[in-house]
Amino acid sequence: MHAKDGGDRIQMVPERTLVLACATVIEEMLPLMPSGMSHQTLDFGLHVNPESLKNTLRAALDAVRPPIDVVILGYGLCAMAVVGLGSERCTLIVPRVDDCIAIFMGSGEAYKAQHRAEPGTYYLTKGWIEAGDGPFADYDRLVERYGVEKAEWVLREMLKNYTRLALINTGQYEMDRYRDYSQETAARFDLRYEEIPGSNALIRKMLYGPWDGDFVVARPGETIPLDAFIRSHRT
Amino acid sequence: MSKELVNAIADMREDEALALARAMVEGGADPTGILEDAREAMDIVGQRYEEGEYYLPELMMAGEMLNGITDMVKPVLTQAPGVERRGKVLIGTVAGDIHDIGKNIVTFMLDVNGFEVLDLGVDVAPEKFVESIREFQPEVVGLSGFLTLAFDAMVDTVAAIEAAGLRDGIKIVVGGGQVTDKIREYAGADAYGDDAMGAVNLASEWIGG
């Protein structure tokens, strides 16, 4: 059985709610988290392999014990990693967005508007920079194995269709360090640097509700369906 | 067939691979044999990728080596009499997506397997696909997309092809990133490809030859 939209809304009760989130997303959630709500952080690197992210999420969900009966997933569709997840006892709440960039921007619509305006945008946030993800993640391994020249070539190839590097400023942290890094990276790869204002609107709603049509809600025994995400693209 | 060439490509020894291929071409080796080696090497690279020994950069480096080798072999190939293309494939990354590493590998594999491929590049608008179908008259159209955000553009592109009355004459295959049979169904395509050889097999099945 699959999750449906609407119906009776689940009420947020901090003591019965667990946030299960990616390391990049949890950073933005913690400052707003209601007291009494518990959280568990999963490694950021998991997103590179959606199948292992799914398995890790599944194991974490299986380990959830009473009194927790609502789990907020600090994820988006994330390359299908959340599709098929479910719990026998808990209700799962996941924002109806493609990935965490939408979460940092405050809505799927804001993300899509940015994306439409310039598809060749490489988005960065504090968490992404600290995790050293993306084309930059593999650099050291490549240098060691194939030399600097090849490593540089790989990075340039990966970024060749990108035109803009956008740092999302969620306002939660001191930006200078991340701004410096982002500007340097942009200059190094001939990308235009821009700062995009973030928003905590969706994060607030993830934590406090209402868990309305902006979310996919999987009740106990249901699973998170792919349709819930791709249909939202049509509207 | 040169085990040396296969290994040099598969082990990412680019300079050696290119030098070997050049020596083979200059020595009058059968060009299809060289391409066969390249294909075999690509299978090994693909296998190592599956097994987690290689990552995306290795696929890119292998693709780059194969491009270099194809460039050397092509002039000899086209001189050979009786080489006919098996059919036409139009390919592109759909609107809103600029990822093309996988698509380029698919294009390469189709090319060396005898198909005439027109690659429209990245962020290709549905209208551009429609226009190119009219001009190029392909038997197969490949829509590539890496981002889940691209799924909509796949739907729009198939819809535009339908609206232009061109859907019946062609087979549409979707692929890339997280594309599954569910996405194929969502987009209204005929099939989805898991990897580059999947695309070649589909095209072979549809076009024959």
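Every number here is computed from the coordinates shown, using simple stated rules; none is lab data. Values in this document were obtained by computation on a predicted structure and should not be read as measured data. Quick reminder, even Gly has a Cβ in these numbers, built from the backbone with ideal geometry, and neighbours come from all protein chains shown.
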Give the order of A:ASP176, B:ASP190 when sorted by the count of other beta carbons within 10 angstrom, beginning with the fewest.
-> A:ASP176, B:ASP190
For the stretch B:43-158, how big is the tail of P(r) above 17 Å, as a whole percent of Cα pairs?
-> 61
Taking every residue in A:23-34, how many Cβ atoms of other protein chains lie within 10 Å of its Cβ, on average?
-> 0
Full extension from B:PHE136 to B:GLU26: what is 0.36 nm times the residue separation minus their Cα-Cα distance, to one decimal in nm?
-> 36.2 nm
Taking a crude spin-label model, label points 7 Å out from Cα along the C-beta direction, the A:SER52 to A:SER35 distance in nm is 3.9
Kirkwood Rh over Cα pairs of the stretch B:3-77 into Stokes-Einstein at 37 °C, 0.692 mPa s: D in µm²/s?
-> 272
Which helices count as membrane-span-like in chain B under these terms: full DSSP H, at least 24 Å along the axis by C-alpha, Kyte-Doolittle mean of -1.0 or more?
-> B:31-50, B:56-79
Rg/Rg_globular for the protein assembly as shown, with Rg_globular taken as 2.2 N^0.38 Å and Rg from C-alpha atoms | 1.06
What helices in chain A pass both tests, a Cα length along the helix axis of 20 Å or more and a mean Kyte hydropathy of 1.0 or higher, using whole DSSP H runs?
-> none
Got a sec? How would B:PHE115, A:PHE189 order by Cβ neighbour count within 10 Å, fewest to most?
-> A:PHE189, B:PHE115
Sites B:GLU127 and A:GLU109 - FRET efficiency at Förster radius 35 Å, r taken between beta-carbons, to 0.05 | 0.90
For labels at A:ARG177 and B:LEU77 in the simple 7 Å Cα→Cβ model, what's the distance in nm?
-> 5.2
Cross-link table A:LYS126/A:LYS160; B:LYS88/B:LYS128; A:LYS54/B:LYS103; B:LYS88/B:LYS171; B:LYS103/B:LYS171; A:LYS160/B:LYS103, entries beyond 20 Å C-alpha to C-alpha | A:LYS126/A:LYS160; A:LYS54/B:LYS103
Based on DSSP, what percent of beta bridges with both residues in the protein assembly as shown are antiparallel, to the nearest 5?
-> 10
Please get the size of the charge dipole for chain A, origin at its Cα centre, with Cβ charges of +1 on Lys and Arg and -1 on Asp and Glu, quoted in debye to the nearest 20.
-> 540
List the lysines whose Cα lies under 22 Å from the Cα of B:LYS3, skipping any in the same chain that are fewer than 8 positions away.
-> B:LYS74
From the residues B:VAL25, B:PRO75, B:TYR55, which one has its Cα farthest along the dipole of the stretch B:3-77 in the positive direction, the dipole being from +1 and -1 charges on Cβ of Lys/Arg and Asp/Glu about the Cα centre?
-> B:PRO75
Determine by what factor the alpha-carbon radius of gyration of chain A differs from 2.2 N^0.38 Å, reporting the quotient.
-> 1.05
Shielding of A:63-69 by other chains, given as the mean Cβ count within 10 Å, works out to 0
Here the Cα Rg-to-2.2 N^0.38 Å ratio for the stretch B:115-164 is 1.10
Which of A:SER52, A:SER182, A:SER35, B:SER2 comes first, and how do the rest follow, when ranked by fewest Cβ neighbours within 10 Å?
-> A:SER35, A:SER52, B:SER2, A:SER182
Return the long-range amide H neighbours of A:ILE196 (sequence gap of 5 or more, or a different chain), with a cut-off of under 5 Å between placed amide H atoms.
-> A:LEU167, A:ILE168, A:ASN169
Taking each pair of different alpha-carbon atoms in the stretch B:88-207 once, compute 1/r for the pair, average those values, and report the inverse of that mean as the Kirkwood hydrodynamic radius in Å to one decimal.
-> 13.5
Only Lys, Arg, Asp and Glu count, each charged at its Cβ (+1, +1, -1, -1), so figure out the dipole size of the stretch B:3-77 about its Cα centre, rounded to 20 debye.
-> 220
Reduced to Cα centres, the span from the stretch B:135-209 to the stretch A:17-80 in Å works out to 34
Could you give log10 I(q)/I(0) at q = 0.10, 0.13, 0.15 Å⁻¹ for chain B, computed by the Debye formula over C-alpha point scatterers of equal weight, without solvent?
-> -0.44, -0.72, -0.93
With Cβ to Cβ distances under 14 Å as the rule, what net charge do the other residues near B:SER2 carry (K, R +1; D, E -1)?
-> -4
